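A.B. asks: Here you go, one structure.
The values are calculated or read from the model by the stated rules, or taken from the named source; none is laboratory data. Since the model is a prediction, treat every value here as computed from it, not as a measurement. Don't worry about glycine lacking a Cβ; one is built from the backbone with ideal geometry, like all the others, and counts go over all protein chains shown. Note: areas computed on protein heavy atoms with side chains; ligands, DNA, RNA excluded. Shrake-Rupley method; radii C 1.70, N 1.55, O 1.52, S 1.80 Å.
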Amino acid sequence: MANPKILVVDDEPDVVSLIERTLTVDGFDVVCAYDGIGAMDLAVSERPDLILLDLMMPMMSGYEVCEQIKSNPETKRIPIVCLSSAHTPDARAQSIKAGAVTLLTKPFMPAELVAQIRRHLEHA
């Protein structure tokens, strides 16, 4: 079986690089986007098994990206794990309402990130 493909979306290149290294070591194939438009394009063209999506991005928030991906028949079944430094119940509720399976708060432990990804891939 092929390695699961994860789309990482964050406007901070250092964060993307850290997540990409972590996931690659754990046997995932990784594609990256640095904004919402790129994320939506890659969700359609790459068909990732799961999307890691930062909520706070310029021009288009992660909430908007999540809603767009979930409203597209081609991508609506892809699980989305939102990432945010917002530690509020409202951020969690808003991400779930937008269609995400969960919200991980930054900073997170790499092992926690991988465990969450594997958990949601099993239920996809």
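A.B. asks: If you check Asp35, Asp41, Asp54, which single one turns out to be touching a residue at least 40 places away in the same chain (Cβ under 8 Å) and among the acidic types (Asp, Glu)? Write out each step before concluding.
C.D. replies: Details: Asp35 fails: touching a residue at least 40 places away in the same chain (Cβ under 8 Å); Asp41 fails: touching a residue at least 40 places away in the same chain (Cβ under 8 Å).
Being touching a residue at least 40 places away in the same chain (Cβ under 8 Å) and among the acidic types (Asp, Glu) holds for just one of Asp35, Asp41, Asp54, which is Asp54.
A.B. asks: Related question: Can you name every residue in segment 6-30 that is part of a strand (DSSP E or B) and crowded, with 18+ Cβ neighbours inside 10 Å?
C.D. replies: Listed by number, the residues that qualify are Ile6, Leu7, Val8, Val9, Val30.
A.B. asks: Now a separate question. Among residues belonging to segment 62-87 that are hydroxyl-bearing (Ser, Thr, Tyr) and either within 13 Å of the chain's Cα centre (by Cα) or within 12 Å of Leu50 (Cβ to Cβ) (or both), point out the one that is modelled with the lowest pLDDT. Even if it seems obvious, please write down each step before you answer.
C.D. replies: At the first step, the residues of segment 62-87 found to be hydroxyl-bearing (Ser, Thr, Tyr) are 63, 71, 75, 84-85.
Now narrow it down to the ones that are either within 13 Å of the chain's Cα centre (by Cα) or within 12 Å of Leu50 (Cβ to Cβ) (or both): 63, 75, 84.
Values: Tyr63: 96, Thr75: 97, Ser84: 92.
Top of the filtered list is Ser84.
A.B. asks: Can you name the residue in segment 46-95 that is out of contact with any strand residue (DSSP E or B) (no Cβ under 6 Å at 6 or more places or on another chain) and among the acidic types (Asp, Glu) and is also surrounded by the fewest Cβ atoms within 10 Å (Cβ to Cβ) among such residues?
C.D. replies: Out of the qualifying residues, it is Asp90.
A.B. asks: Let me ask another. Scanning segment 33-45 for residues that are of a type in the set (A, V, I, L, M, F, W, C) and either open to solvent by 80 Å² or more (accessible area, probe 1.4 Å) or touching a Gly at 6+ places or on another chain (Cβ under 9 Å) (or both), which turns out farthest from Pro13 (Cα to Cα)?
C.D. replies: Out of the qualifying residues, it is Ile37.
A.B. asks: Then there is this: For segment 97-110, how many residues are open to solvent by 20 Å² or more (accessible area, probe 1.4 Å), at pLDDT 95 or above and assigned to a helix (DSSP H, G or I)?
C.D. replies: 1
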